[in-house]
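None of the figures in this text is laboratory data; all of them are computed from the coordinates on show. Model, not experiment: these values are computed from the prediction. Cβ placement follows ideal geometry from the backbone for every residue including glycine, while neighbour counts extend to all protein chains displayed.
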Amino acid sequence: MLSKGTSWQGVLSQLSEERLTITRFLRGVALATLLLPLNAYWIGVTEGLWHALHMTTLSLPMNALVLLIALVLLNRFLHSLNRRLAMSASELLLVHIGLTVQSVFIGHDQMVSLMGVIPAAAWFESPANRWQELFFQYIPSWLAITDKRAIWHFYTGGGKFYGSGYEGYWVMPAVAWTTLLMCMFLAYLSLSLLLYCRWAHSERLSFPIVRMPAEIATGQLHWRSNAFFLGFTIAAFVDMVNHLHHLYPAIPFVKVRARDRDLMHFVTEPPWNALGSTPLALYPFIIGYAYLMPLDVCTSAWFFYIVRKLQRLFGAMVGLMRLPRFPYENEQASGAALAVAVMVLWRARHYLKASFMPSRGAGQGHQSHRCGFNTRIATVLFIVSFILCLAISTLAGLSVSIALVFWVLHFLVAVAVSRLRAEAGPPSHSLLFANPQDLMLFWLGSRSFHPRHLTVLALFFWFNRLNRNHPMPVIIEAMRIGESISLSLSQLCPFMVLMAFSTLVVCFLLYPKLFYSHGATKVVGEVVWVGMDTFTRLASWVGTPSQPNIPSRYATSFGFAFTLLLSSLYHRMPWWALHPLGYLLGMSYAIDFYWLCLLIGSSVKWLLMKYAGSYTALSLTPFFVGLILGEGLVACAWSVYGLIVQKPMYDAWW
């Protein structure tokens, strides 16, 4: 991501020279807090009400990046007036950390989805679906609203929230979910504290996502280079044309989105139609991200995506597609995610063990001092947070044993997602089926669970559903930024906790008001889908009990074992290029929308490095950064215009 003539060490050197004083730290905290209502309203309307743009589903939330760029431009103006008014690069990055933590919760897969779960059972219940007799008696009243009169205007709009009496129905769910989400956030925080020092200093992971914000804040992005201008112009032109087409259909349309072009519309005869949906998207900004990813992970991701499609083709040719879920790609991805997490923890076992040893463990002592935290405190914090999550789950209706398995699987997936971000930095990571619910039900069958247990598992499905807006990768990336600006963890961690709690409070104050006023069903999106999917899935589990799925067990075990094999080959054979993280990405839903972009970006990078040299490949990096910012800035600018005129704009992504 670095431009010609700059280096990551140069960025770090500039940041280390700027001392983040307590005054500047407090100013950064205040600014991030002041931006929270604006950020929440922007995303709440765009992603919640209109189901558009989906800025927060990206690994680097585009809304946070655009706000950072706006602050940089404002800062230059303030600097020209009075240098004392201007913020340092460290302050700007502190604000960026706050914005990214906010974006985790305000976005598409977190609070927007939760808004759909809380009232959905009451709204979609009918005599035809028999939800009342199947599971209504098991829904905890403090996690959901079951009175249809209280949520009528939530879906239809035209109602008043504050002062209507409806807000009383939301108090207990808001308190309960805020408590659970904060316990989870503290658990993610403690896990990140335990893993960060090893990842950053022993394994020296690159944390690709943090580099662009750091370059923007320090002014080392080389905005004025010809390569950047060309990439920016191409992406901005494509996005501008499509936005104008959205408003004036007579203007031509450039098909770049996944929904605009799909191979399945051209391949309709068996066995080729077994390939299923194969989008041929050409997102300029994702081609830019692909170029910036590590070449081996990027190449492995699209390679295993093609392998996944060939498995389907082979299954159709030999008759295996008669099996309901063949080739069990989701189970393979789940096994891969668990294997990645187990490998991470296994390799860190000596480091984690040394955390509790006396000071004679010099290596660990050096690292803990360097990272500036006590690993024993982090471990105690994780244990306490885990127990609190366990207690809330059992209070909701889970047995202790089921809750224990659920949370162990949940945090293993969180470790896997964090490792994926820290090492590979993909544009997005929709690990759709790598979740505890599917793993437990495929292995044991829904017949093995009481309806009360299944009800709680369904209520908890929304925060395991896609693993895109995930807090733990954001936390561990914030630690990398914090270290680069010499911000101690004793300052950074409370700041992130404050941002998380404040964001949850703001969302519960703002989002119900938006939906009661405008109506969740006016534009059917994530709020409606997640709520309906949650309880339709639950009705299927309870109404049609299933046996353990033996092929799913084998597929999960295969994905686990194959990932271990890939890791062993990758780390022991220098010529082996297939990366286990690429298998995780390729076999899951993560890259279905943009596999072709990864193929193009990695192919261009490989050709440049092989035939023009690494210096040329590095010098062309600003072109691909321009692709990212060109599409991102134009799309976000149109989104802001849509807020002003109260009209959804062109959905540039997904």
How would you rank 285-293, 241-249, 511-519, 412-420, highest first, on the average number of other Cβ atoms within 10 Å across their residues? 285-293, 412-420, 511-519, 241-249
Hey, can you grab everything whose amide H is under 5 Å from the amide H of Asp262? Only 5+ residues off in sequence or another chain; H modelled, so Pro and N-termini drop out. Leu280
For Ser546, the residues 5 or more places away or on another chain with a placed amide H closer than 5 Å to its own amide H are Ser446, Arg447
Hits among lysines - C-alpha to C-alpha of Lys605 under 27 Å, sequence gap 8 or more where chains match: Lys4, Lys255, Lys309
Anchor Lys513: aspartates and glutamates whose Cα lies under 18 Å away (excluding residues fewer than 8 positions away in-chain): Glu47, Asp147, Glu167, Glu526
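When the dipole is taken about the Cα centre of the range 407-477, and only Lys, Arg (+1) and Asp, Glu (-1) are charged at their Cβ, what size is it in debye, to the nearest 20? The partial results should precede the final answer.
Details: 6 positive and 3 negative charges, 39 e Å.
With only Lys, Arg, Asp and Glu charged at Cβ, the dipole is about 180 debye.
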Among Leu566, Leu244, Ala144, the residue whose Cα sits farthest towards the positive end of the charge dipole of the chain, when +1 is placed on the Cβ of each Lys and Arg and -1 on the Cβ of each Asp and Glu, is Leu566
Among 75-81, 55-61, how do they line up from the highest to the lowest mean number of other beta-carbon atoms within 10 Å? 55-61, 75-81
Protection proxy (average C-beta count within 10 Å per residue), highest first, orders 269-281, 323-335, 421-433, 103-115 as 103-115, 421-433, 323-335, 269-281
Which of Thr218, Tyr283, Ser190 sits farthest toward the positive end of the charge dipole of the range 175-306, with +1 on the Cβ of Lys and Arg and -1 on the Cβ of Asp and Glu? Thr218
Under a point-charge model restricted to the Cβ atoms of Lys and Arg (+1) and Asp and Glu (-1), what is the dipole moment magnitude of the range 100-223 relative to its Cα centre, in debye to the nearest 20? 100 debye
Once both label points are put 7 Å beyond Cα along the C-beta direction, the Met609-Arg572 separation in nm becomes 2.4 nm
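Is the C-alpha gyration tensor of the chain telling us rounded, prolate or oblate? Criteria: a/c under 1.5 is rounded; beyond that, a/b larger than b/c is prolate, otherwise oblate.
Numbers: a/c = 1.20, a/b = 1.16, b/c = 1.04.
Verdict is rounded for the chain.
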Of Tyr589, Leu73, Met111, which is farthest along the charge dipole of the chain in the positive direction, counting Lys and Arg as +1 and Asp and Glu as -1 at C-beta? Leu73
For Gly288, what charge total do you get from the other residues with a beta carbon under 12 Å from its beta carbon, if Lys and Arg give +1 and Asp and Glu give -1? 0
Dipole magnitude (debye, nearest 20) for the chain, charges at Cβ of Lys, Arg, Asp, Glu: 860 debye
Computed lengthening from Ser557 to His350, 0.36 nm per intervening residue step minus Cα-Cα distance: 71.9 nm
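Return the FRET efficiency for the residue pair Met317, Ser540: r is the Cβ-Cβ distance, R0 is 41 Å, and the value is rounded to the nearest 0.05.
Details: r = 31 Å, r/R0 = 0.75.
Using R0 = 41 Å, I get an efficiency of 0.85.
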